[in-house]
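The values are calculated or read from the model by the stated rules, or taken from the named source; none is laboratory data. Quantities reported herein were computed from a predicted structural model and do not represent experimental measurements. For neighbour counting, all protein chains shown are included, and Cβ atoms are generated from backbone atoms with ideal geometry for every residue, glycine included.
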Amino acid sequence: MKIDLHIHTRTGSDGNLSVEEVFKEASRRSLDLISITDHDSLNAQASAVALAKEHGIGYIPGVELNVTFNYPGGKSISLDFLGYGYDIRDEALNNKLRLMREHREARARQIIEKLNAEFEKENLPRFTGADLEKMQAGLEGSLGRPRIADYLIGRGIVRNRQEAFDKYLVRFDVPKYPLSLAEASQLVRNAGGIIVLAHPNDPNGTSLVSLNSDLAEQTKVIEGYMLDYIDGIECWHSRSDAATTAHYLEFARKHHLVMTGGSDCHQKPILMGTVAVPDIVAGQFTMLGIFQNWTVNP
């Protein structure tokens, strides 16, 4: 089987392809089982379920939730958790994500206001309402920092996304919606799904690396503060090296956690299906008894 359980779309968040285009590409690449895991959004899910049947591709509803993890000692870090196999019609989950989407849009506008204040100091043109419209053009999900970064590149203010974040978007950030791990876990589980720690050792993303780059120390954090709230670990990821995958596979087996994997594809470039996720990943979902909430080929 070819499996990818971590894909983003522009329909729901910050992918480059619509959900329809994602399924066409997944079909072209002969993927057997996928999941759309847009950031804090279920906007693509109803279409994804229908498209999965149309293309004959196995499908598990997904979502990537950004969580504010309050580490003992006063440090708060941002972590991502993947929800799988939930009821896409669940009212509590949909209501919470709607609130988070509204906060995300307000946050983007506050970031732009801060950027304008900095641009005045640097004698750069301010972002106007017309600029905001251009940023949102063709964007079906919420406006976020990656989209602002791309617009900064297009305006010639920075050369690439890394420079956009280093020079502006980290300095002039606005706090995300403060979703706790306990609340995220309750939302997904109450909707009939499971919750999985995403890319725990991602060196370039939202991960435990911000606390400690040592794999053993990372898993001590999970053991000490997360096991009551999570059902699995994303062991295979496009930015996970062999040592990371081996470490988290051993940890997941030790604690009887679900092992998942995916490319984290935003289609920039298209990574869909490039991570070697083994067949056992699909089997776990059937064994969990949540198969009534998802679509898969027989």
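On the stretch given as region 212-242, residues that are assigned to a loop (DSSP other than H, G, I, E, B), over 24 Å from Val63 (Cα atoms) and of a type outside the set (Asp, Glu) total 2.
Assigned by TED's automatic domain parsing to the domain that holds Ser47, surrounded by 13 or more Cβ atoms within 10 Å (Cβ to Cβ) and modelled with pLDDT of 95 or more, is that true of Thr244?
Details: assigned by TED's automatic domain parsing to the domain that holds Ser47: yes; surrounded by 13 or more Cβ atoms within 10 Å (Cβ to Cβ): yes; modelled with pLDDT of 95 or more: yes.
Considered against the rule, which asks whether it is assigned by TED's automatic domain parsing to the domain that holds Ser47, surrounded by 13 or more Cβ atoms within 10 Å (Cβ to Cβ) and modelled with pLDDT of 95 or more, Thr244 comes out as yes.
Each row is one residue, and each column tells you yes or no for (1) assigned to a helix (DSSP H, G or I); (2) buried (at least 19 other Cβ atoms within 10 Å of the Cβ); (3) within 20 Å of the chain's Cα centre (by Cα).
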residue: Leu124; (1), (2), (3): no, no, no
residue: Lys134; (1), (2), (3): yes, no, no
residue: Gln162; (1), (2), (3): yes, no, yes
residue: Phe165; (1), (2), (3): yes, no, yes
residue: Tyr168; (1), (2), (3): yes, yes, no
residue: Val174; (1), (2), (3): no, no, yes
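The rows are residues; the columns are (1) part of a strand (DSSP E or B); (2) buried (at least 18 other Cβ atoms within 10 Å of the Cβ); (3) in the same structural domain as Ile148 (by TED's automatic domain parsing).
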{"residue": "Arg10", "(1), (2), (3)": "no, yes, no"}
{"residue": "Leu17", "(1), (2), (3)": "no, yes, no"}
{"residue": "Glu20", "(1), (2), (3)": "no, no, no"}
{"residue": "Ala26", "(1), (2), (3)": "no, yes, no"}
{"residue": "Ile34", "(1), (2), (3)": "yes, yes, no"}
{"residue": "Asn43", "(1), (2), (3)": "no, yes, no"}
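Scanning region 5-15 for residues that are modelled with pLDDT of 95 or more and in contact with a helix residue (DSSP H, G or I) (Cβ under 8 Å, 6 or more places away or on another chain) gives Leu5, Ile7.
Let's see how each residue does on (1) in contact with a Pro (Cβ under 9 Å, 6 or more places away or on another chain); (2) farther than 25 Å from Ile230 by Cα; (3) at pLDDT below 95; (4) of a type in the set (Asp, Glu):
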position	(1), (2), (3), (4)
Ile3	yes, no, no, no
Leu17	no, yes, yes, no
Gly56	no, yes, yes, no
Val63	no, no, no, no
Thr68	yes, no, yes, no
Met100	no, no, yes, no
